[in-house]
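J.: One structure, pasted below without further comment.
The values are calculated or read from the model by the stated rules, or taken from the named source; none is laboratory data. Just so it is clear, the model here is predicted, and its values are computed rather than measured. Heads up, the Cβs are rebuilt from the backbone with ideal geometry, glycines too, and the neighbour counts pull from every protein chain shown.
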Amino acid sequence: MYLTKIYKNSSCIDGEGIFAGEPISKGTIVFYYSSNDVYVSKKEFQSLSNFEKNRIYKLGVEEEDGNWIVTEGDANHSCDANILSLFVDGLYCDIAVKDIQSGEEITIDYGLFYSSFPWEMTCRCHSCNCRGIFGSAIAIDSQTQELWHSRISEAAGRIHHVRQPLFFRDDDSARALTFALRSRHSPRIFPYIKFSLISAYP
Ligand SMILES: [Zn+2]
């Protein structure tokens, strides 16, 4: 679930997007998976209709063991995204890698996500570093990986210097993520395949 105020509106990138309902500082954890998000096991997923599968492809994140986590909000893709994903001691979250103004569209890089099926889309993000096409079937060049890693590292260095709504959430997953982050006051960030990690084992 999103930790900051957001709203849905029509997007000049694609269809409907998610927009910031308040200013969000770089380094803010913007999203985590809470118990309100829906978990679909690999077995359940395989028994779904194609319509339902397509909905989950769009809204979900696939774990490497084939299980899915599905959330309501769906940020559009941008090659110059203002939030990016990382794992903190194995817990997934999205972090703001830029200061985001109120009313600005929140975007993420879909190229980060693991997928067991090959898909690709033409990009309409209009950013200067647009890759033109993105998807799980497209290899990520080293320049893009370095960009993700440097942006996540810089944002992670600010985690304890900005207001973190996460730290005030009262559910098991928020508490686990808060504990993991609070125990890393000088986080070392490790790039790992596509994702970056703040590791428990530096
Ligand atoms: Zn693009």
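J.: Which fully enclosed strands (runs of 3 or more DSSP E) of the range 1-54 have 3 or more residues being under 25 Å from ALA176 (Cβ atoms) and of a type outside the set (Gly, Ala, Ser)?
T.: Output list reads 29-32, 38-40.
J.: Another question, then. Here is a list: LEU181, LEU112, LEU147. Which entry is over 25 Å from ILE6 (Cα atoms), crowded, with 16+ Cβ neighbours inside 10 Å and of a type in the set (A, V, I, L, M, F, W, C)?
T.: On inspection, the qualifying residue turns out to be LEU147.
J.: Report, by residue number, each residue of the range 89-109 that is among the hydrophobic types (A, V, I, L, M, F, W, C), under 27 Å from GLU44 (Cβ atoms) and more than 16 Å from the ligand (Cβ to nearest atom). So that I can check it myself, show each step before the final result.
T.: Step one: filter the range 89-109 for residues among the hydrophobic types (A, V, I, L, M, F, W, C), giving 91, 93, 95-97, 100, 106, 108.
Among the residues that remain, those that are also under 27 Å from GLU44 (Cβ atoms) are: 91, 93, 108.
Once the filter is applied, which keeps residues that are among the hydrophobic types (A, V, I, L, M, F, W, C), under 27 Å from GLU44 (Cβ atoms) and more than 16 Å from the ligand (Cβ to nearest atom), the range 89-109 yields LEU91, CYS93.
J.: Pairs under 9 Å by beta carbon, first residue loosely packed, with under 13 Cβ neighbours inside 10 Å in the range 4-30, partner of a type in the set (Lys, Arg) and in a strand (DSSP E or B), six or more apart or different chains?
T.: Listed pairs, sorted by first residue: GLU16/LYS8.
J.: Moving to a separate point now. Determine which member of the set LEU112, LEU84 is within 21 Å of THR178 (Cα to Cα) and within 16 Å of the ligand (Cβ to nearest atom). I'd like the intermediate steps shown before the answer.
T.: On the way: LEU112 fails: within 21 Å of THR178 (Cα to Cα).
Going through LEU112, LEU84 in turn, just one is within 21 Å of THR178 (Cα to Cα) and within 16 Å of the ligand (Cβ to nearest atom): LEU84.
J.: If you check every pair at least six apart or on different chains, which have Cβ atoms under 7 Å apart with a residue in the range 119-143 that is over 21 Å from ILE106 (Cβ atoms) and in contact (Cβ under 8 Å) with a residue 12 or more places away in the chain first and a residue that is among the basic types (Lys, Arg) and surrounded by 13 or more Cβ atoms within 10 Å (Cβ to Cβ) second?
T.: Qualifying pairs under 7 Å: ILE140/LYS194.
J.: Here's a follow-up. Among all residue pairs at least 6 apart or on different chains, which show Cβ distances below 7 Å where the first residue, located in the range 46-67, is closer than 16 Å to SER85 by Cα and the second is among the small types (Gly, Ala, Ser) and in a loop (DSSP other than H, G, I, E, B)?
T.: GLU62/SER115; GLU62/SER116
J.: Which ones in the range 62-74 are under 18 Å from SER136 (Cβ atoms) and either in a loop (DSSP other than H, G, I, E, B) or within 16 Å of the ligand (Cβ to nearest atom) (or both)?
T.: GLU63, GLU64, ASP65, GLY66, ASN67, ASP74
J.: Hey, can you tell me all the residues within the range 157-178 that are surrounded by 15 or more Cβ atoms within 10 Å (Cβ to Cβ), part of a helix (DSSP H, G or I) and touching a helix residue (DSSP H, G or I) at 6+ places or on another chain (Cβ under 9 Å)?
T.: Of everything in the range 157-178, those that are surrounded by 15 or more Cβ atoms within 10 Å (Cβ to Cβ), part of a helix (DSSP H, G or I) and touching a helix residue (DSSP H, G or I) at 6+ places or on another chain (Cβ under 9 Å) turn out to be ILE159, HIS160, LEU166, PHE167, ALA174, LEU177, THR178.
J.: Look through the range 125-135, keep the residues that are farther than 22 Å from GLY60 by Cβ and near the ligand (Cβ under 8 Å from one of its atoms), and return whichever of them is surrounded by the fewest Cβ atoms within 10 Å (Cβ to Cβ).
T.: GLY132
J.: Let me ask another. How many of the residues making up the range 6-51 are farther than 16 Å from ILE108 by Cα and modelled with pLDDT of 95 or more?
T.: 3
J.: In addition: Keeping to the range 84-96, report how many residues are crowded, with 17+ Cβ neighbours inside 10 Å and either free of Cβ contacts under 8 Å to residues at least 40 places away in the same chain or under 11 Å from the mean Cα position of the chain (by Cα) (or both).
T.: Number of matching residues: 8.
J.: Would a scan of the range 146-160 turn up a residue that is at pLDDT 90 or above, touching a Leu at 6+ places or on another chain (Cβ under 9 Å) and farther than 24 Å from HIS77 by Cα?
T.: The answer is yes; a qualifying residue exists.
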